[in-house]
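Before any comments, here is the structure.
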Amino acid sequence: MFTATLAEVQKKFGFYRARAHAEPVLLTSHGENDLVMLSYAEYTKLKQRSREVVRSADLSADDISLIEAAIAPVESHEFDHEDRS
């Protein structure tokens, strides 16, 4: 993912707009991740994907094996507080 500061984007919006059509652009403010600029087509795909439901019964044995073998990245621990179990 391409990264730019908000100040850079304000100066060269056309450049970053074109870049966002090729790949998402991470915008930072004061050294912190702030926004992601992406094409409408990519946004639409993400919105559609967030509404798709896959039943566990529909997963193949290979899919289940891959899920069982998956290791969450260290960064995922910041979401442990969201575990409702």
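The values are calculated or read from the model by the stated rules, or taken from the named source; none is laboratory data. Computed from a predicted structure; not experimentally measured. Every residue, glycine as well, gets a Cβ built from its backbone with ideal geometry; the counts of neighbours run over all protein chains shown.
Is it the case that some residue within region 32-55 is among the aliphatic types (A, V, I, L, M) and more than 30 Å from Lys12 (Cβ to Cβ)? Among the residues of region 32-55, at least one is among the aliphatic types (A, V, I, L, M) and more than 30 Å from Lys12 (Cβ to Cβ), which makes the answer yes. Could you please find all residues in region 40-80 being at pLDDT 90 or above and loosely packed, with under 10 Cβ neighbours inside 10 Å? Once the filter is applied, which keeps residues that are at pLDDT 90 or above and loosely packed, with under 10 Cβ neighbours inside 10 Å, region 40-80 yields Tyr40, Ala41, Ala57, Asp58, Ser60, Ala61, Asp62, Glu68, Ala69, Ala70, Ile71. Within region 1-31, restricting attention to residues that are out of contact with any Asp or Glu (no Cβ under 8 Å at 6 or more places or on another chain) and of a type in the set (Ser, Thr, Tyr), which residue is surrounded by the most Cβ atoms within 10 Å (Cβ to Cβ)? Here the residue is Thr5.
Please go through (1) surrounded by 10 or more Cβ atoms within 10 Å (Cβ to Cβ); (2) of a type in the set (D, E, K, R); (3) part of a helix (DSSP H, G or I) for Asp34 and return the number of the only condition it doesn't satisfy. Failing condition for Asp34: (3). Can you pull out the residues in region 5-27 that are in contact with a helix residue (DSSP H, G or I) (Cβ under 7 Å, 6 or more places away or on another chain) and either over 19 Å from Thr44 (Cβ atoms) or in a helix (DSSP H, G or I) (or both)? Of everything in region 5-27, those that are in contact with a helix residue (DSSP H, G or I) (Cβ under 7 Å, 6 or more places away or on another chain) and either over 19 Å from Thr44 (Cβ atoms) or in a helix (DSSP H, G or I) (or both) turn out to be Val9, Tyr16, Leu27. With the condition kept exactly as written, say whether any residue in region 62-85 is in contact with a strand residue (DSSP E or B) (Cβ under 9 Å, 6 or more places away or on another chain) and either hydroxyl-bearing (Ser, Thr, Tyr) or within 26 Å of Gln10 (Cα to Cα) (or both). So far as region 62-85 goes, no, none of its residues is in contact with a strand residue (DSSP E or B) (Cβ under 9 Å, 6 or more places away or on another chain) and either hydroxyl-bearing (Ser, Thr, Tyr) or within 26 Å of Gln10 (Cα to Cα) (or both).
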